[in-house]
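This report concerns only the one structure given below.
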Amino acid sequence: WVNARKRSYSISPTGNDVGSSLRPDVPPRTGWRDGKPGDKLTIDVKDVPVGKKTLVLGATVARDYGCFQLYWNGEKIGKPLDFFFEPRVEHRVVKLSVPKTTDAEGILTVEALEKNEKSAGTMFGVDYVEWE
């Protein structure tokens, strides 16, 4: 997990990312906490299969997670997403259309928006990245 001060990390579909988990049943994750509206987290995504058009994120949702806009290589993808969920932590699969991939790497940018009024925080977590 990272705080909003350091905002650039790497993640690959094989799970080699900057996060870690002490529980063997929870995959490693890249996470972010304490973001303010307009703050951005940049994730370098490795091993992108050329020609794919759907980015699949395994994301964490919980009562202290916020709302975010995602970008692929600087281009907005999808509508803003709300990662607030109660009463417990869960994992959600989010599928987003992206421009056809042409390189083996890309940049996923996560922009913090205003939090859900019920949320206790502005956390964000990516457990994995896959492609369809």
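Against the definition (farther than 15 Å from GLY74 by Cα, more than 16 Å from the chain's Cα centre (by Cα) and of a type outside the set (A, V, I, L, M)), how does GLU130 come out, yes or no? So GLU130 does not fit the description; no. Under the condition of being hydrophobic (A, V, I, L, M, F, W, C), farther than 15 Å from ALA59 by Cβ and at pLDDT 80 or above, the residues counted in segment 82-112 number 2.
Does SER97 count as closer than 17 Å to GLY31 by Cα and of a type in the set (Ser, Thr, Tyr)? So SER97 fails the test. When each of VAL129, VAL110 is tested for being closer than 19 Å to ASP34 by Cα, part of a strand (DSSP E or B) and among the β-branched types (Val, Ile, Thr), the lone residue that passes is VAL110. Restricting ARG92, ARG88 to residues that are without any contact (Cβ under 8 Å) to a residue 40 or more places away in the chain and assigned to a strand (DSSP E or B) narrows the list to ARG92. Scan segment 57-100 residue by residue and report those that are surrounded by fewer than 19 Cβ atoms within 10 Å (Cβ to Cβ) and small (Gly, Ala, Ser). Hits for segment 57-100 are GLY58, GLY74, GLY78, SER97. Of LYS115, LYS46, LYS53, all but one fail to be crowded, with 20+ Cβ neighbours inside 10 Å and in contact with a Ser or Thr (Cβ under 7 Å, 6 or more places away or on another chain); the exception is LYS115. Just checking, does segment 36-55 include any residue being under 14 Å from the mean Cα position of the chain (by Cα), outside any strand (DSSP E or B) and modelled with pLDDT of 80 or more? Yes - at least one qualifying residue is present in segment 36-55.
The values are calculated or read from the model by the stated rules, or taken from the named source; none is laboratory data. Computed from a prediction, not measured in an experiment: that's the story for all the values here. Backbone-built Cβ (ideal geometry, glycine too); neighbour counts: all protein chains shown.
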